[in-house]
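Novice: Input: one structure, supplied below.
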Amino acid sequence: SREIRLASRPEGEPEPSNFELAETDVRAPQRGELVVRNRYMSVDPYMRGRMKDVKSYTPPWQIGQQLDGAAIGEVIASKVDGFAEGDLVVHGLGWREVAVVKAQYAQKVTPPAGVPESAFIGVLGMPGLTAYVGLLDIAELRDGDIVFVSGAAGAVGSLAGQIAKLKGHTVIGSAGSPEKVEWLNELGFDAAFDYHDGEVRTLLREAAPDGIDVYFDNVGGDHFAAAIHAMKQNGRAALCGAISSYNTDEPAPFQLMQAIGKRLKLQGFIISDHGDRRQAFIDEVGPWVADGRVQFRETIVDGGVEAAPQAFIDLLRGANTGKMLVRF
Ligand code: NDP
């Protein structure tokens, strides 16, 4: 099986030379293990953090070691009761063609009619749950809230915005291209802007002249500062990500005094702490995805494991609309 290993740590943008393609023998499964042939793997922004040699909520990848991350694949051998050849499982050993997975880290999935299997590592997987928990639990969405979502054409942002719309809110989104803004308009966002068109603070004021109550932050930096500026009293922000700073070491501007004066609630969160919300998320959002009330896009890169490093580099550059995936 072929796999990707970390060759070196990037400074700034990752480059293909930071990754290495290697071949390895797949060992026989032991009791409690499955052998899975991956069909799709996810590339995610948090993986940029794992390329750095710093302690974080996920341990750094080690040089010379194979990478990991979400994937969905087909069981090709099973030493576990309840799992058979042909079952589809979501698990954490992406970045390789064939994985030997402990059954407790594999989740069997059966896609409902009309929902592709890839959705289980996208809109119905970790990114989807992140949107749900961030918006409802962390930002404590309440009736009447005006909601601003940055990174709104991405996997997390596009669902966060649509959930807020389905719950009857005014929703503003920002994204990085005219095509992405057009998609947000199609999704029913009340206003959307391309953050390249001017200062985020000005663009947000035009899009949300009455201010905002909730900010779902995927971007940090200027977006965060502009959102704090636009916040009404008692506003709430779910600090989900800060992708504008992932490839740099520059400190982000931070409007602390304004946050204090407006009695804001700013709360960071890490989705792996919120697994207890998964069932509620699937019960509520699953039907919306199946009947089309929630739309989702995927940017699928073909070419298998070999294509994954470039797909990841391109994700950080905004090449994706919706979830970025690699197909094997
Ligand atoms: P996306 O699908 O949103 O992909 C990343 C997007 O980020 C790109 O498409 C690009 O879109 C945008 N981007 C890149 N650079 C910049 C920049 N300098 N300024 C503004 N936007 C930029 O990824 P996800 O939906 O998977 O993740 C979105 C965010 O949520 C990330 O910050 C991620 O780290 C975070 N996250 C946090 C979790 C948690 O537990 N807290 C869990 C999952 C995700 P564009 O063209 O619009 O610039």
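The values are calculated or read from the model by the stated rules, or taken from the named source; none is laboratory data. What you see is a predicted model, and the numbers here were worked out from it, not measured in a lab. When we count neighbours, we look across all protein chains shown, and the Cβ atoms used for this are built from the backbone with ideal geometry, even at glycine.
Novice: Among the residues of region 32-52, write down those that are within 21 Å of the chain's Cα centre (by Cα) and among the charged types (D, E, K, R).
Specialist: Once the filter is applied, which keeps residues that are within 21 Å of the chain's Cα centre (by Cα) and among the charged types (D, E, K, R), region 32-52 yields ARG39, ASP44, ARG48, ARG50, LYS52.
Novice: Tell me yes or no: at least one residue of region 308-328 is among the acidic types (Asp, Glu), more than 15 Å from the ligand (Cβ to nearest atom) and not assigned by TED's automatic domain parsing to the domain that holds GLU140.
Specialist: no
Novice: Report, by residue number, each residue of region 1-43 that is of a type in the set (Lys, Arg) and touching a residue at least 60 places away in the same chain (Cβ under 8 Å).
Specialist: Listed by number, the residues that qualify are ARG2, ARG5, ARG27, ARG37, ARG39.
Novice: Another question, then. Given the conditions (1) more than 16 Å from the ligand (Cβ to nearest atom); (2) surrounded by 14 or more Cβ atoms within 10 Å (Cβ to Cβ), which single one is not true for ILE260?
Specialist: (2)
To keep it simple, each residue is scored yes or no on (1) at pLDDT 95 or above; (2) among the charged types (D, E, K, R); (3) within 24 Å of the chain's Cα centre (by Cα).
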site: ASN18; (1), (2), (3): yes, no, yes
site: GLN30; (1), (2), (3): yes, no, no
site: VAL54; (1), (2), (3): no, no, yes
site: GLY92; (1), (2), (3): yes, no, yes
site: VAL101; (1), (2), (3): yes, no, yes
site: GLY114; (1), (2), (3): no, no, yes
